[in-house]
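For reference, the structure discussed in these notes is given below.
The values are calculated or read from the model by the stated rules, or taken from the named source; none is laboratory data. Model, not experiment: these values are computed from the prediction. No Cβ is skipped: glycine too gets one built from the backbone with ideal geometry, and neighbour counts run over all protein chains shown. Ligands, DNA and RNA are stripped out before the accessible areas are found, and what is left, the full protein with its side chains, is counted by its heavy atoms. Shrake-Rupley method; radii C 1.70, N 1.55, O 1.52, S 1.80 Å.
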Amino acid sequence: MAYEKELDAAKKAASLAARLCQKVQKALLQSDVQSKSDKSPVTVADYGSQAVVSLVLERELTSEPFSLVAEEDSADLRKDGSEDILQRITKLVNDTLATEDLTKAIDSTLTTDDLLRATDCGTSEGGPNGRHWVLDPIDGTKGFLRGDQYAVALGLLEEGKVVLGVLACPNLPLTSIAGNKNSSSSEETGCLFYATIGSGTYMQPLDSKSDPVKVHVSSVENPEEASFFESFEGAHSLHDLSSSIASKLGVKAPPVRIDSQAKYGALSRGDGAIYLRFPHKGYREKIWDHVAGAIVVTEAGGIVTDAGGKPLDFSKGKYLDLDTGIIVANEKLMPLLLKAVRDSIAEQEKASSSL
Ligand SMILES: Nc1ncnc2c1ncn2[C@@H]1O[C@H](COP(=O)(O)OS(=O)(=O)O)[C@@H](OP(=O)(O)O)[C@H]1O
Ligand SMILES: [Mg+2]
Ligand SMILES: [Mg+2]
Ligand SMILES: [Mg+2]
(Lines give C-alpha, C1' and ligand atoms only; values in the text may rest on other atoms or scores of the structure.)
(Ligands and ions follow the chains in the order given, each with its own letter.)
Protein backbone atom coordinates (compact mmCIF):
# COMPACT_ATOMS: atom_id res chain seq x y z
CA MET A 1 0.00 0.00 0.00
CA ALA A 2 1.25 3.51 -0.80
CA TYR A 3 2.20 5.68 2.18
CA GLU A 4 2.29 2.68 4.55
CA LYS A 5 5.26 3.93 6.57
CA GLU A 6 3.82 7.43 6.74
CA LEU A 7 0.42 6.11 7.82
CA ASP A 8 1.92 4.00 10.62
CA ALA A 9 3.86 7.03 11.87
CA ALA A 10 0.83 9.31 11.64
CA LYS A 11 -1.44 6.87 13.52
CA LYS A 12 1.13 6.47 16.26
CA ALA A 13 1.68 10.23 16.52
CA ALA A 14 -2.03 11.13 16.62
CA SER A 15 -2.90 8.35 19.10
CA LEU A 16 -0.14 9.35 21.50
CA ALA A 17 -1.09 13.02 21.21
CA ALA A 18 -4.71 12.09 21.90
CA ARG A 19 -3.59 10.27 25.05
CA LEU A 20 -1.89 13.45 26.25
CA CYS A 21 -5.07 15.45 25.52
CA GLN A 22 -7.27 12.97 27.40
CA LYS A 23 -5.06 13.25 30.45
CA VAL A 24 -5.28 17.05 30.41
CA GLN A 25 -9.02 17.12 29.73
CA LYS A 26 -9.62 14.98 32.80
CA ALA A 27 -7.74 17.37 35.06
CA LEU A 28 -8.10 20.70 33.35
CA LEU A 29 -6.99 23.62 35.43
CA GLN A 30 -7.93 27.19 34.68
CA SER A 31 -4.22 28.05 34.63
CA ASP A 32 -3.75 25.61 31.74
CA VAL A 33 -5.78 27.84 29.43
CA GLN A 34 -4.31 30.92 27.80
CA SER A 35 -5.65 33.36 25.27
CA LYS A 36 -3.86 33.81 21.94
CA SER A 37 -3.40 37.17 20.22
CA ASP A 38 -6.58 36.52 18.17
CA LYS A 39 -8.41 35.91 21.51
CA SER A 40 -8.93 32.20 20.77
CA PRO A 41 -8.10 29.76 23.57
CA VAL A 42 -5.02 27.57 23.68
CA THR A 43 -4.15 25.03 26.38
CA VAL A 44 -1.15 23.07 27.59
CA ALA A 45 -2.67 20.16 25.65
CA ASP A 46 -2.61 22.04 22.30
CA TYR A 47 1.11 22.69 22.75
CA GLY A 48 1.83 19.23 24.18
CA SER A 49 -0.05 17.49 21.40
CA GLN A 50 1.82 19.49 18.74
CA ALA A 51 5.19 18.62 20.28
CA VAL A 52 4.33 14.92 20.56
CA VAL A 53 3.24 14.67 16.92
CA SER A 54 6.24 16.56 15.68
CA LEU A 55 8.68 14.43 17.72
CA VAL A 56 7.08 11.13 16.71
CA LEU A 57 7.02 12.01 12.99
CA GLU A 58 10.62 13.18 13.14
CA ARG A 59 11.69 9.98 14.82
CA GLU A 60 9.68 7.57 12.67
CA LEU A 61 10.41 9.17 9.32
CA THR A 62 14.09 9.89 9.63
CA SER A 63 14.93 9.32 5.98
CA GLU A 64 12.82 12.19 4.68
CA PRO A 65 13.09 15.94 4.78
CA PHE A 66 10.41 17.02 7.14
CA SER A 67 8.03 19.94 6.70
CA LEU A 68 5.17 20.56 9.14
CA VAL A 69 2.45 23.19 8.88
CA ALA A 70 0.83 23.36 12.32
CA GLU A 71 -1.49 25.67 14.21
CA GLU A 72 0.59 26.54 17.27
CA ASP A 73 3.99 28.16 17.68
CA SER A 74 6.22 28.85 20.66
CA ALA A 75 6.02 32.68 20.72
CA ASP A 76 3.77 32.88 23.80
CA LEU A 77 5.73 30.14 25.59
CA ARG A 78 8.93 32.18 25.23
CA LYS A 79 7.46 35.24 26.98
CA ASP A 80 8.46 36.20 30.52
CA GLY A 81 6.13 34.60 33.03
CA SER A 82 5.57 31.47 30.92
CA GLU A 83 8.23 29.37 32.67
CA ASP A 84 5.73 27.38 34.76
CA ILE A 85 3.47 26.52 31.89
CA LEU A 86 6.47 25.56 29.75
CA GLN A 87 7.71 23.22 32.49
CA ARG A 88 4.27 21.69 32.75
CA ILE A 89 4.00 21.06 29.00
CA THR A 90 7.50 19.57 28.92
CA LYS A 91 6.59 17.18 31.74
CA LEU A 92 3.36 16.19 30.02
CA VAL A 93 5.21 15.43 26.79
CA ASN A 94 7.94 13.46 28.58
CA ASP A 95 5.34 11.45 30.49
CA THR A 96 3.42 10.71 27.31
CA LEU A 97 6.49 9.63 25.34
CA ALA A 98 7.65 7.49 28.25
CA THR A 99 4.45 5.39 28.02
CA GLU A 100 5.68 4.24 24.59
CA ASP A 101 9.31 4.13 25.61
CA LEU A 102 9.94 6.78 23.01
CA THR A 103 11.95 9.04 25.31
CA LYS A 104 14.92 6.72 24.98
CA ALA A 105 14.74 6.86 21.22
CA ILE A 106 14.30 10.64 21.33
CA ASP A 107 17.56 11.31 23.14
CA SER A 108 16.44 10.79 26.73
CA THR A 109 14.31 13.26 28.64
CA LEU A 110 13.38 16.43 26.78
CA THR A 111 14.32 19.82 28.19
CA THR A 112 12.17 22.93 27.89
CA ASP A 113 14.41 24.05 25.00
CA ASP A 114 13.75 20.76 23.19
CA LEU A 115 10.05 21.37 23.72
CA LEU A 116 10.25 24.84 22.20
CA ARG A 117 12.21 23.50 19.22
CA ALA A 118 9.71 20.66 18.66
CA THR A 119 6.81 23.13 18.78
CA ASP A 120 8.49 25.33 16.19
CA CYS A 121 8.99 22.46 13.76
CA GLY A 122 5.46 23.35 12.70
CA THR A 123 6.15 26.73 11.18
CA SER A 124 6.32 25.65 7.55
CA GLU A 125 4.06 27.53 5.12
CA GLY A 126 2.93 24.60 2.96
CA GLY A 127 2.32 25.32 -0.72
CA PRO A 128 2.13 23.47 -4.05
CA ASN A 129 5.53 21.75 -4.06
CA GLY A 130 6.89 18.77 -2.17
CA ARG A 131 5.55 17.11 0.95
CA HIS A 132 4.03 18.91 3.89
CA TRP A 133 2.52 17.41 7.01
CA VAL A 134 -0.42 19.47 8.25
CA LEU A 135 -1.40 19.38 11.92
CA ASP A 136 -4.14 20.72 14.15
CA PRO A 137 -2.93 19.46 17.54
CA ILE A 138 -6.37 20.07 19.05
CA ASP A 139 -9.10 20.97 16.64
CA GLY A 140 -12.09 22.26 18.57
CA THR A 141 -10.26 23.70 21.57
CA LYS A 142 -13.53 25.25 22.74
CA GLY A 143 -15.15 21.81 22.68
CA PHE A 144 -12.15 20.39 24.51
CA LEU A 145 -12.64 23.01 27.25
CA ARG A 146 -16.35 22.20 27.53
CA GLY A 147 -15.54 18.49 27.86
CA ASP A 148 -17.11 17.85 24.44
CA GLN A 149 -15.76 16.80 21.05
CA TYR A 150 -12.31 17.61 19.71
CA ALA A 151 -9.84 15.96 17.37
CA VAL A 152 -6.12 15.60 16.79
CA ALA A 153 -6.00 16.11 13.02
CA LEU A 154 -2.96 15.17 10.97
CA GLY A 155 -2.70 15.09 7.17
CA LEU A 156 -0.08 14.89 4.46
CA LEU A 157 0.03 17.03 1.31
CA GLU A 158 2.02 15.91 -1.71
CA GLU A 159 2.38 18.45 -4.52
CA GLY A 160 -0.58 20.35 -3.08
CA LYS A 161 -2.94 17.33 -2.89
CA VAL A 162 -4.04 15.52 0.27
CA VAL A 163 -2.73 11.96 0.22
CA LEU A 164 -3.17 10.87 3.84
CA GLY A 165 -5.25 11.87 6.83
CA VAL A 166 -5.65 10.70 10.42
CA LEU A 167 -8.28 11.95 12.86
CA ALA A 168 -8.08 10.94 16.51
CA CYS A 169 -11.40 11.73 18.22
CA PRO A 170 -11.12 10.74 21.91
CA ASN A 171 -14.69 11.66 22.88
CA LEU A 172 -16.53 10.34 19.85
CA PRO A 173 -18.64 7.25 20.65
CA LEU A 174 -17.66 4.11 18.78
CA THR A 175 -21.25 3.77 17.62
CA SER A 176 -23.24 6.42 15.75
CA ILE A 177 -23.81 9.77 17.40
CA ALA A 178 -26.97 10.33 15.33
CA GLY A 179 -29.87 10.90 17.69
CA ASN A 180 -27.53 9.91 20.49
CA LYS A 181 -26.59 13.26 21.96
CA ASN A 182 -27.61 12.29 25.47
CA SER A 183 -25.92 8.94 25.37
CA SER A 184 -24.87 7.58 28.72
CA SER A 185 -21.43 8.49 29.95
CA SER A 186 -20.57 4.80 30.23
CA GLU A 187 -20.65 4.45 26.46
CA GLU A 188 -17.31 3.53 24.91
CA THR A 189 -15.65 6.46 23.17
CA GLY A 190 -12.45 7.12 21.24
CA CYS A 191 -12.20 6.68 17.46
CA LEU A 192 -9.24 6.77 15.12
CA PHE A 193 -10.17 7.43 11.48
CA TYR A 194 -7.57 7.17 8.75
CA ALA A 195 -7.36 7.27 4.98
CA THR A 196 -4.72 7.20 2.27
CA ILE A 197 -5.42 8.20 -1.28
CA GLY A 198 -7.14 5.46 -3.30
CA SER A 199 -7.37 3.03 -0.37
CA GLY A 200 -10.61 3.98 1.41
CA THR A 201 -11.27 5.13 4.96
CA TYR A 202 -10.98 2.99 8.07
CA MET A 203 -11.97 3.42 11.69
CA GLN A 204 -10.60 1.66 14.74
CA PRO A 205 -10.98 2.23 18.44
CA LEU A 206 -8.36 4.64 19.76
CA ASP A 207 -5.82 2.95 21.99
CA SER A 208 -6.97 -0.52 21.09
CA LYS A 209 -5.59 -3.35 19.10
CA SER A 210 -8.93 -4.40 17.62
CA ASP A 211 -9.25 -4.57 13.85
CA PRO A 212 -10.08 -1.52 11.78
CA VAL A 213 -13.34 -1.46 9.83
CA LYS A 214 -13.83 0.15 6.45
CA VAL A 215 -16.37 2.96 6.62
CA HIS A 216 -18.66 4.63 4.07
CA VAL A 217 -20.63 7.84 4.00
CA SER A 218 -24.40 7.69 4.24
CA SER A 219 -26.19 6.40 1.15
CA VAL A 220 -29.32 8.45 1.84
CA GLU A 221 -30.73 9.88 -1.40
CA ASN A 222 -33.83 11.60 -0.09
CA PRO A 223 -32.88 14.84 1.71
CA GLU A 224 -35.96 14.52 3.91
CA GLU A 225 -34.23 11.55 5.52
CA ALA A 226 -30.85 13.24 5.79
CA SER A 227 -29.48 14.81 8.93
CA PHE A 228 -26.85 17.53 8.91
CA PHE A 229 -23.85 18.55 10.98
CA GLU A 230 -22.62 22.03 11.76
CA SER A 231 -20.25 23.77 14.19
CA PHE A 232 -21.26 23.79 17.81
CA GLU A 233 -20.10 27.40 18.06
CA GLY A 234 -22.45 29.90 16.41
CA ALA A 235 -19.45 32.22 16.07
CA HIS A 236 -17.82 29.69 13.71
CA SER A 237 -20.70 29.07 11.31
CA LEU A 238 -23.95 30.84 10.38
CA HIS A 239 -26.61 28.65 11.91
CA ASP A 240 -29.42 30.72 10.35
CA LEU A 241 -28.09 30.10 6.87
CA SER A 242 -27.78 26.34 7.42
CA SER A 243 -31.29 26.26 8.81
CA SER A 244 -32.61 27.96 5.67
CA ILE A 245 -30.70 25.49 3.44
CA ALA A 246 -31.98 22.53 5.45
CA SER A 247 -35.57 23.69 5.18
CA LYS A 248 -35.25 24.19 1.39
CA LEU A 249 -33.99 20.60 1.16
CA GLY A 250 -36.84 19.36 3.32
CA VAL A 251 -34.48 18.01 5.99
CA LYS A 252 -36.64 17.01 8.96
CA ALA A 253 -34.07 16.24 11.63
CA PRO A 254 -32.70 19.07 13.79
CA PRO A 255 -29.03 20.03 13.23
CA VAL A 256 -26.39 17.94 14.95
CA ARG A 257 -23.93 20.44 16.41
CA ILE A 258 -20.55 19.05 17.31
CA ASP A 259 -17.11 20.60 17.56
CA SER A 260 -14.12 20.04 15.35
CA GLN A 261 -13.25 17.65 12.53
CA ALA A 262 -14.97 14.93 14.54
CA LYS A 263 -17.81 16.00 12.19
CA TYR A 264 -15.84 14.68 9.19
CA GLY A 265 -15.11 11.44 11.04
CA ALA A 266 -18.76 10.96 11.98
CA LEU A 267 -19.84 11.74 8.38
CA SER A 268 -17.37 9.22 6.96
CA ARG A 269 -19.20 6.41 8.76
CA GLY A 270 -22.65 7.72 7.89
CA ASP A 271 -23.75 9.15 11.26
CA GLY A 272 -25.17 12.07 9.26
CA ALA A 273 -25.37 12.86 5.55
CA ILE A 274 -24.52 16.56 5.20
CA TYR A 275 -22.02 19.04 6.69
CA LEU A 276 -22.66 22.77 6.37
CA ARG A 277 -20.00 25.31 7.34
CA PHE A 278 -20.49 29.01 6.68
CA PRO A 279 -18.05 31.20 8.61
CA HIS A 280 -18.90 34.84 9.26
CA LYS A 281 -17.71 37.29 6.60
CA GLY A 282 -13.98 37.93 6.54
CA TYR A 283 -12.90 34.69 8.25
CA ARG A 284 -10.14 32.83 6.39
CA GLU A 285 -10.18 29.04 6.73
CA LYS A 286 -6.87 27.42 7.67
CA ILE A 287 -5.76 24.20 5.95
CA TRP A 288 -5.20 22.32 9.25
CA ASP A 289 -8.93 22.64 10.00
CA HIS A 290 -9.82 20.56 6.91
CA VAL A 291 -6.93 18.55 5.40
CA ALA A 292 -7.33 15.36 7.44
CA GLY A 293 -11.13 15.58 7.55
CA ALA A 294 -11.43 16.11 3.80
CA ILE A 295 -9.58 12.93 2.83
CA VAL A 296 -11.31 10.89 5.54
CA VAL A 297 -14.67 11.86 3.98
CA THR A 298 -13.71 11.64 0.30
CA GLU A 299 -12.08 8.22 0.66
CA ALA A 300 -15.32 7.08 2.32
CA GLY A 301 -17.23 8.14 -0.81
CA GLY A 302 -18.21 11.71 0.10
CA ILE A 303 -17.71 14.99 -1.74
CA VAL A 304 -16.18 18.06 -0.09
CA THR A 305 -16.44 21.40 -1.89
CA ASP A 306 -16.74 25.10 -1.29
CA ALA A 307 -20.23 26.58 -1.36
CA GLY A 308 -19.97 27.07 -5.13
CA GLY A 309 -19.14 23.41 -5.79
CA LYS A 310 -15.39 23.85 -6.35
CA PRO A 311 -13.00 21.31 -4.76
CA LEU A 312 -10.93 22.65 -1.85
CA ASP A 313 -7.46 23.75 -2.92
CA PHE A 314 -4.87 22.96 -0.26
CA SER A 315 -1.91 24.12 -2.37
CA LYS A 316 -2.06 27.83 -1.56
CA GLY A 317 -0.19 27.85 1.74
CA LYS A 318 -1.68 28.07 5.23
CA TYR A 319 -5.04 29.42 4.12
CA LEU A 320 -7.76 27.99 1.95
CA ASP A 321 -8.52 30.36 -0.85
CA LEU A 322 -12.28 30.56 -0.34
CA ASP A 323 -14.72 32.89 1.32
CA THR A 324 -18.05 31.20 0.76
CA GLY A 325 -18.14 28.18 3.04
CA ILE A 326 -17.60 24.43 2.93
CA ILE A 327 -20.19 21.75 2.25
CA VAL A 328 -20.09 17.95 2.31
CA ALA A 329 -22.54 15.33 1.07
CA ASN A 330 -22.68 12.09 -0.88
CA GLU A 331 -22.82 12.14 -4.71
CA LYS A 332 -26.60 11.79 -4.86
CA LEU A 333 -27.38 14.63 -2.46
CA MET A 334 -24.72 17.07 -3.67
CA PRO A 335 -26.59 18.56 -6.69
CA LEU A 336 -29.68 19.24 -4.55
CA LEU A 337 -27.52 20.64 -1.77
CA LEU A 338 -25.65 22.98 -4.14
CA LYS A 339 -28.93 24.37 -5.44
CA ALA A 340 -30.32 24.91 -1.94
CA VAL A 341 -27.07 26.64 -0.92
CA ARG A 342 -27.15 28.91 -3.98
CA ASP A 343 -30.81 29.84 -3.42
CA SER A 344 -30.39 30.50 0.30
CA ILE A 345 -27.28 32.67 -0.19
CA ALA A 346 -29.08 34.65 -2.92
CA GLU A 347 -32.09 35.18 -0.64
CA GLN A 348 -29.85 36.27 2.20
CA GLU A 349 -28.00 38.75 -0.03
CA LYS A 350 -31.28 40.16 -1.35
CA ALA A 351 -32.60 40.60 2.18
CA SER A 352 -29.46 42.35 3.39
CA SER A 353 -29.28 44.68 0.34
CA SER A 354 -32.88 45.82 0.94
CA LEU A 355 -32.10 46.86 4.51
N1 LIG B 1 -14.66 32.93 13.56
C2 LIG B 1 -14.44 31.70 13.13
N3 LIG B 1 -15.13 31.24 12.08
C4 LIG B 1 -14.94 29.99 11.64
N5 LIG B 1 -14.08 29.13 12.19
C6 LIG B 1 -13.37 29.54 13.22
C7 LIG B 1 -13.53 30.84 13.77
N8 LIG B 1 -12.71 30.97 14.80
C9 LIG B 1 -12.06 29.79 14.90
N10 LIG B 1 -12.47 28.94 13.95
C11 LIG B 1 -11.97 27.60 13.67
O12 LIG B 1 -12.92 26.59 13.95
C13 LIG B 1 -12.23 25.49 14.50
C14 LIG B 1 -13.16 24.64 15.29
O15 LIG B 1 -13.93 23.88 14.42
P16 LIG B 1 -15.48 23.96 14.30
O17 LIG B 1 -15.87 25.34 13.94
O18 LIG B 1 -15.87 22.91 13.34
O19 LIG B 1 -16.00 23.52 15.67
S20 LIG B 1 -16.66 24.40 16.79
O21 LIG B 1 -16.76 25.76 16.36
O22 LIG B 1 -15.78 24.27 17.92
O23 LIG B 1 -17.96 23.87 17.03
C24 LIG B 1 -11.18 26.13 15.32
O25 LIG B 1 -10.10 25.25 15.41
P26 LIG B 1 -9.18 25.25 16.75
O27 LIG B 1 -8.61 26.64 16.92
O28 LIG B 1 -8.15 24.27 16.32
O29 LIG B 1 -10.03 24.80 17.86
C30 LIG B 1 -10.77 27.36 14.54
O31 LIG B 1 -9.70 27.15 13.68
MG1 LIG C 1 -7.03 27.26 17.85
MG1 LIG D 1 -8.83 23.81 14.34
MG1 LIG E 1 -6.37 23.75 17.13
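Efficiency by 1/(1 + (r/R0)^6): what FRET value for ARG59 and ASN129, r their Cβ-Cβ distance, R0 = 25 Å, to the nearest 0.05? Once the sixth-power term is evaluated, E becomes 0.50. Please return the longest stretch of the chain lacking exposed loop sites, where GluC sites (Glu not before Pro) count only if DSSP places them in a loop and at most 16 other Cβ atoms lie within 10 Å. Maximal segment without exposed cleavage sites: 1-99.
Accessible area per residue for segment 4-214, computed on protein heavy atoms with a 1.4 Å probe, is 44 Å². The slack in the chain from ASP76 to GLU158, taken as 0.36 nm per residue of separation less the alpha-carbon distance, amounts to 26.5 nm.
Mean sequence separation of contacting Cα pairs (under 8 Å, at least six apart), scaled by the length of segment 4-214, corresponds to a relative contact order of 20 percent.
Reducing segment 1-69 and segment 230-283 to their Cα centroids gives an inter-centroid distance of 26 Å. Charges on Cβ only, +1 for Lys and Arg, -1 for Asp and Glu, centred on the Cα centroid of the chain; of SER237, ILE287, LEU61, which one is farthest towards the dipole's positive end? Result: SER237. Normalising the average separation of contacting C-alpha pairs (under 8 angstrom, six or more residues apart) by the number of residues puts the relative contact order of the chain at 16 percent. For segment 214-299, applying the loop criterion from DSSP together with a ceiling of 10 other beta carbons within 10 Å to the trypsin sites (Lys or Arg not before Pro) yields LYS281. Taking only C-alpha pairs under 8 Å that are 6+ residues apart, what is the relative contact order of segment 223-353 in percent? Computed value for segment 223-353: 27 percent relative contact order.
Projected onto their three principal axes, the Cα atoms of segment 234-352 cover extents of 35, 31, 24 Å, largest first.
Leaving out ligands and nucleic acids, note down the accessible area per residue over segment 223-353 with a 1.4 angstrom probe, in whole Å².
Per residue, segment 223-353 has an accessible area of 41 Å².
What percent of all Cα-Cα pairs in segment 4-214 falls into each 10 Å bin, going from 0 up to the bin containing the maximum distance? The distribution over segment 4-214 is 8, 35, 37, 17, 2, given as percents.
How large, in percent, is the carbon and sulfur part of the accessible surface of segment 197-355 at a probe radius of 1.4 Å?
Carbon with sulfur: 52 percent of the solvent-accessible area.
What's log10 of I(q)/I(0) for the chain at q = 0.06, 0.10, 0.11, 0.13 Å⁻¹, Debye sum over Cα points only, no solvent? Taking Cα atoms of the chain as identical point scatterers yields -0.20, -0.57, -0.70, -0.97.
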